[in-house]
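First the structure, in the form of structure tokens, and then the observations on it.
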Amino acid sequence: MDRKKLIRKRYFSIRKKKYFKISDNFFKPLINIFKKYRFNKKNISLYYPSSYEVNIFKIFNLKFFKKFNFSLPVIEENNTMNFYKWKTNDILRLNKFGIPEPIKSEIIIPNVILVPMLAYDTDKNRLGYGKGYYDKYLNKVFKEKKKILTIGVAFSFQKHKNLPVNDKDFKLSYIISEKGII
């Protein structure tokens, strides 16, 4: 088994055992990051929390985020990913992994993507589930000269000393946990 697979297995197990509910305060440092950037369009891509991921939907409890538009990822037939416009009351459907996705409507290129992960390191590298959806998407849009702020969201116990990386892995702009911002 390769090193990334071993790390994935380890952190999936750890996250399942150590998961805890977060308060709204978890996302207050995120407001400071957002205030640094001036966005013409205020589009944030979220993820639908599953498998003991941080409940990103807590941001809806903060008044600051009321002025943003949201999208969620959709896995396409060709094993790529796009983001589609989404509002909290919109109907969702399950994808092939059992994760809720919006019904395809308007594709959005977000200004900010909040990214789930199994593990991260202090160099802002992330380890996902191994399918490369976020890495492929982000590498593609950056090649097209579109700037997107990428913020990983995790618990502090998901921090790994030094993740193995390759040229397909995408380094994040920031990572937030209950202990602050990296």
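Values for this structure:
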read-out: Residue check for Arg93: closer than 16 Å to Tyr174 by Cβ and either among the basic types (Lys, Arg) or surrounded by fewer than 16 Cβ atoms within 10 Å (Cβ to Cβ) (or both); value: no
read-out: Looking only at region 15-30, and only at residues there that are in contact (Cβ under 8 Å) with a residue 40 or more places away in the chain and touching a Phe, Trp or Tyr at 6+ places or on another chain (Cβ under 6 Å), the one that is surrounded by the fewest Cβ atoms within 10 Å (Cβ to Cβ); value: Lys18
read-out: Identity of the residue in region 173-182, more than 17 Å from Pro49 (Cβ to Cβ), in contact with a helix residue (DSSP H, G or I) (Cβ under 9 Å, 6 or more places away or on another chain) and not in a strand (DSSP E or B), that ends up modelled with the highest pLDDT; value: Ser173
read-out: Residue within region 113-124 that is in contact with a helix residue (DSSP H, G or I) (Cβ under 6 Å, 6 or more places away or on another chain), closer than 29 Å to Lys67 by Cα and not in a loop (DSSP other than H, G, I, E, B) present; value: yes
read-out: Test: residue in region 141-156 that is surrounded by fewer than 16 Cβ atoms within 10 Å (Cβ to Cβ), outside any loop (DSSP other than H, G, I, E, B), in contact with a Gly (Cβ under 9 Å, 6 or more places away or on another chain) and not aliphatic (A, V, I, L, M); value: yes
read-out: Any hit, region 89-106, residues being part of a helix (DSSP H, G or I) and either within 21 Å of Lys131 (Cα to Cα) or more than 16 Å from the chain's Cα centre (by Cα) (or both); value: no
read-out: Positions within region 31-50 being part of a helix (DSSP H, G or I) and either without any contact (Cβ under 8 Å) to a residue 60 or more places away in the chain or loosely packed, with under 13 Cβ neighbours inside 10 Å (or both), in sequence order; value: Ile31, Asn32, Lys35, Lys36
read-out: Of all residues making up region 134-163, the number that are in contact (Cβ under 8 Å) with a residue 40 or more places away in the chain and in contact with a Pro (Cβ under 7 Å, 6 or more places away or on another chain); value: 1
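Residue-wise test of (1) among the aromatic types (Phe, Trp, Tyr); (2) over 23 Å from Tyr37 (Cα atoms); (3) modelled with pLDDT of 95 or more; (4) touching a Pro at 6+ places or on another chain (Cβ under 8 Å).
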{"site": "Leu72", "(1), (2), (3), (4)": "no, no, yes, yes"}
{"site": "Glu77", "(1), (2), (3), (4)": "no, yes, no, no"}
{"site": "Trp86", "(1), (2), (3), (4)": "yes, no, yes, yes"}
{"site": "Ile103", "(1), (2), (3), (4)": "no, yes, no, no"}
{"site": "Leu118", "(1), (2), (3), (4)": "no, yes, yes, no"}
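The values are calculated or read from the model by the stated rules, or taken from the named source; none is laboratory data. Every value quoted in this text rests on a predicted model; they were computed, and no experiment measured them. Positions of Cβ are backbone-derived with ideal geometry, glycine not excepted, and every protein chain shown enters the neighbour counts.
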